Amino acid sequence: MKKRLFLKSLALAGISAPLSAGAMDQWLAKFADRSAESMGSDDDFWMRIRGGYRLKPDYINLESGYYNILPTEILEYYITQIREVNYQGSYYMRTVQWDNKRAMAAKVAAVAGCSPDELILTRNTTESLDMVIGGIHWNTGDEAIMAEQDYGSMLEMFKQVSKRFGVVNKILSVPNHPESDEEIVKLYADAITDKTRLILVSHMINITGQILPIQKICDMAHKKGVEVLVDGAHAIAHIQFNIPDLHCDYYGASLHKWLSTPLGVGLLYVRRERIGGIWPLLAEGDKSTIDISRLNHIGTHPVHTDLAISSSVAFYQMIGAERKEIRLRFLQQYWTSKVRNLPNVIVNTPVDPKRSCGIANVGIKGMKPGEMADLLLKKYKIYTVAIDGANVHGCRITPNIFTTTAELDVLVKALTEMGASV
């Protein structure tokens, strides 16, 4: 991304860009002729990127999947927006609030490869997906299909619509190591009946990092008259894709994960012809049924968080989508390739690089995930999260672009010793 475009993207509300922006632009220009593939394993390059983060020295952070720490320049820009909104007060809220939110939504739509009139900004993935799950015109006896590996908040929402509207929930289990896309597609296809209304499917399963064949699932479902809702919490700004190419009806994601926005920003994509069929989360005034803004009424909210999207998108584009995906996949393959065949070590993520990216899950035979996470932190100073359910028993490992191979070597050493001690 050219320097002038980066600076322009940070000039919202009359605020100038962080001083580091120009220096970073000049430095990145040196790598313009390098292929993204060749830079995936270039630790020197990524160490320079790491320098833009303020990282806690107490532990190695391998839990970026919950919340992506902001680079310093995005954090400072965010703080500046808080000050600016506070400075303008009600004037800002009554004049340009919604124009700026639409502008930020358009930036996100560009990242997602979709039309701005099919996307709104929400507060997180849960709000986005639950708006669809709770907003469909359900009839008693309608069926919904989901997997036990899907995110808990969505499963709880389906339980609620079951109690409220008499929806029948059919829960399947996605294998950790599928043999083919067809195996996954058949799993969902076999659960469909003439009463099925909706399938919830994860683009990237949050507990294992497995990437599912979304387009194939959507095409199969549509042939049977079934709509598809995709949980993309971990996919946006992690792997490269355009939402319309997935052929899904609805797509929800959080931007505070891999796009590195401040906490409190998500997206909801609704295919144009589906917009009128969803009840808004909160009542909105009379608007056209094809106007997606009818789903976007949430009352007064922290508008400065939306403004920070400009900086996050600019940072992502400067790093480069392809470059980032390749680096994250390299980091995951770096450590999983070293531990897959170790005694008593169980990797719960497919070995095929195309079926995952930066996220993976690993367990120790005979060791409870909670005990494993506790040992990793106390003995090896590695912070991660325990997963114990839905046929997944281990710790989720989510490096970030600031993670080094030296840090992952510590993880490999820890897993080697833990496996040997069982």
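Bear in mind these aren't lab numbers, they're just calculated from the coordinates by the rules spelled out. All figures in this text were calculated on a predicted structure; none of them were measured in a lab. Cβ placement follows ideal geometry from the backbone for every residue including glycine, while neighbour counts extend to all protein chains displayed.
Can you tell me the FRET efficiency between Ser115 and Asp33 if r is taken as the Cβ-Cβ distance and R0 is 22 Å, rounded to the nearest 0.05? List each step's numbers first, then the result.
Details: r = 34 Å, r/R0 = 1.53.
Working from the Cβ atoms, E equals 0.05.
Which percent, nearest 5, of DSSP beta bridges in the chain are antiparallel? The partial results should precede the final answer.
Values: 21 of 40 bridges.
Here the antiparallel bridges make up roughly 50 percent for the chain.
Under 5 Å between amide hydrogens, which residues at least 5 positions from Asp150 or on another chain qualify, with H placed 1.01 Å from N in the peptide plane?
The list, which skips near neighbours in sequence, is empty: none.
Using Cβ counts within 10 Å as a stand-in for footprinting exposure, how do Tyr78, Tyr383 rank, fewest first?
Numbers: Tyr78 19, Tyr383 15.
With the sparsest Cβ surroundings first, the list reads Tyr383, Tyr78.
Under 19 Å from the 7 Å Cα→Cβ point of Arg102, by amide nitrogen: which residues of segment 308-332?
Counting only backbone N, you get 308-310.
About the Cα centre of segment 97-311, what is the dipole size in debye to 20, counting +1 per Lys and Arg Cβ and -1 per Asp and Glu Cβ, all else neutral? Intermediate values should be presented prior to the final figure.
On the way: 20 positive and 26 negative charges, 78 e Å.
It works out to roughly 380 debye.
Classify segment 355-404 as rounded, prolate or oblate from the Cα gyration tensor: take a ≥ b ≥ c as the square roots of its eigenvalues, call it rounded if a/c is under 1.5, otherwise prolate when a/b beats b/c and oblate if not. Intermediate values should be presented prior to the final figure.
Working: a/c = 2.61, a/b = 1.16, b/c = 2.26.
Verdict is oblate for segment 355-404.
Tell me whether the chain comes out rounded, prolate or oblate; compute the Cα gyration tensor, take square roots of the eigenvalues as a ≥ b ≥ c, and use a/c under 1.5 as the rounded threshold. Spell out each step's value before the answer.
Values: a/c = 1.78, a/b = 1.03, b/c = 1.72.
Oblate shape, in that a/c is at least 1.5 and b/c is the bigger or equal ratio.
List every residue whose amide H lies under 5 Å from the amide H of Thr349, counting only residues 5 or more places away in sequence or on a different chain, with H placed 1.01 Å from N in the peptide plane.
Asn361
Each residue of segment 57-63 in order: what ³J(HN,Hα) in whole Hz does its phi give by Karplus 6.51 cos²θ - 1.76 cosθ + 1.60, θ = phi - 60°, with x for Gly and Pro?
x, 6, 7, 8, 7, 10, 10
Please go through the residue pairs Lys30/Lys324; Lys170/Lys224; Lys379/Lys413; Lys195/Lys224; Lys30/Lys257 and name each one whose alpha carbons sit more than 19 Å apart in this structure. Don't skip to the end; give the middle numbers.
Numbers: Lys30/Lys324 17 Å; Lys170/Lys224 16 Å; Lys379/Lys413 12 Å; Lys195/Lys224 10 Å; Lys30/Lys257 28 Å.
From Lys30/Lys324; Lys170/Lys224; Lys379/Lys413; Lys195/Lys224; Lys30/Lys257, over 19 Å: Lys30/Lys257.
Excluding same-chain residues fewer than 8 positions from Lys354, which aspartates and glutamates have a Cα within less than 13 Å of its Cα?
Partners found: Glu179, Asp181, Glu325.
Through the Karplus equation 6.51 cos²θ - 1.76 cosθ + 1.60, θ set to phi - 60°, convert the phi angles of segment 334-340 into ³J(HN,Hα) values in whole Hz; use x for Gly and Pro.
So the J values, rounded to whole Hz, are 4, 8, 5, 5, 8, 10, 4.
Hey, which aspartates and glutamates would be in cross-link range of Lys381, C-alpha to C-alpha under 18 Å, not counting anything within fewer than 8 residues on its own chain?
Straight-line reach from Lys381, under 18 Å: Asp58, Glu63, Glu371, Glu407, Asp409, Glu417.
Under 10 Å, Cα contacts only: if you run a Gaussian network model on the chain, which one of Leu129, Leu328, Leu281 comes out with the highest mean-square fluctuation?
Leu281
Cut-off is 10 Å between beta-carbons; in what order do His247, His297, His137, His256 appear when sorted fewest neighbours first? Provide the component values of the computation, followed by the final result.
Numbers: His247 17, His297 14, His137 10, His256 22.
Starting with the residue having the fewest Cβ neighbours, the order is His137, His297, His247, His256.
Explain nothing, just compute: Karplus ³J(HN,Hα) = 6.51 cos²θ - 1.76 cosθ + 1.60, θ = phi - 60°, for every residue of segment 393-404 in order, whole Hz, x for Gly and Pro.
Per residue, the Karplus-derived 3J(HN,Hα) values read 10, x, 10, 7, 10, 10, x, 10, 5, 8, 6, 9 Hz.
At most 15 other Cβ atoms within 10 Å and a DSSP loop assignment: could you name the GluC sites (Glu not before Pro) in segment 109-203 that fit? Spell out each step's value before the answer.
Details: sites: Glu118, Glu127, Glu143, Glu148, Glu156, Glu179, Glu182, Glu183; in loops: Glu148, Glu179.
Loop-located and lightly packed - Glu148, Glu179.
Amide H neighbours of Asp142 under 5 Å, at least 5 residues apart or on other chains, H built in the peptide plane: list them.
When sequence neighbours closer than 5 places are left aside, the close amide H contacts are Val168.
Going by how many other beta carbons lie within 10 Å of each one, how would you line up Asp291, Asp99, fewest first?
Details: Asp291 13, Asp99 9.
If I rank by nearby Cβ atoms, fewest first, I get Asp99, Asp291.
Between Thr289 and Gln240, what is the spin-label point distance in nm, taking each point 7 Å from the Cα along the Cα→C-beta axis?
Result: 3.9 nm between the two label points.
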